[in-house]
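Rule-based calculations on the coordinates, nothing more; no lab input. If you're wondering where the values come from, they're calculated on a predicted model, not measured in any experiment.
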């Protein structure tokens, strides 16, 4: 423990599993008092019990503004202030082809993936404006800038999160409040199992199976871990990032940089063969 967040108070939504749970644990270890949100009271109580008095679980459905407002109020009531809001909660959303998309599925996905971020920023801003300081972090995705990395509505919502982050940063930055986003690449979390239709408990059990297939999705030859995103959130929440505003921190091992070098070389070799040239 280095005390990077000593004396600070944070909220993490989607804090009972995956990226959120790892971030909650890291923030507490670095000296913060953390309120974390999720829908599973069982998971929330278990994690809060493991982390001790500096971790507070508040059952929250981020698709409901009243829940988010209550989360922020409970946090400030218990800890006295709010220094960091990490709008992390999410899920894959509908995975159907566009012709098969149901309006209710679309609407709910947007309520969670975009609405939860909007309302999280709204109610965090009210507290941070009184303080004249704060850091808001929104979880975006590489799917926000590249197609094919997620279902249609998920990618659209994440693109909106990315642009909204920049827009709100221009407003709140004038009041000493920093607003940034993180765009994860392929990270070993239950979201992929859920995207394939698994129930939560089954998806949770598949995370370790992702390690090997995820080693080849980006130039860096290892899978992405929740800790990689938690470390990025720790930096953006800390005073070390005090002059960073309106920025998207991509944490993807190089995934969106383009074709890997080996793949490019093999591609040029195949092209040379097709043209009857000697392999370069």
Practice task
When you have a sec, figure out the Kirkwood radius of the stretch 91-138 from all distinct Cα pair distances and drop it here in Å to one decimal?
Solution key: 12.6
Handout entry: Candidates 16, 95, 147: whichever shows maximal mean-square fluctuation once the chain is modelled as a Gaussian network with Cα springs under 10 Å
Key = 147
Exercise for the section: Mind jotting down the distance between the C-alpha centroids of the stretch 116-158 and the stretch 58-114, whole Å? Expected result: 10
Practice task
Over all alpha-carbon pairs in the stretch 1-138, figure out the percentage whose distance exceeds 19 Å.
Solution key: 48
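What 222 nm value per residue comes from the helices of the chain, counting each DSSP H run with n ≥ 4 as -39,500 (n - 2.57) and dividing by all residues, nearest 500 deg cm²/dmol? Provide the component values of the computation, followed by the final result.
Numbers: 11 runs with 123 residues, N = 280.
That comes out to -13500 deg cm²/dmol.
How big is the Kirkwood radius of the chain, worked out from every pair of different alpha carbons and given in Å to one decimal? Please report the intermediate quantities before stating the final value.
Values: mean 1/r = 0.0513 Å⁻¹.
For the chain, inverting the mean 1/r across all distinct Cα pairs yields 19.5 Å.
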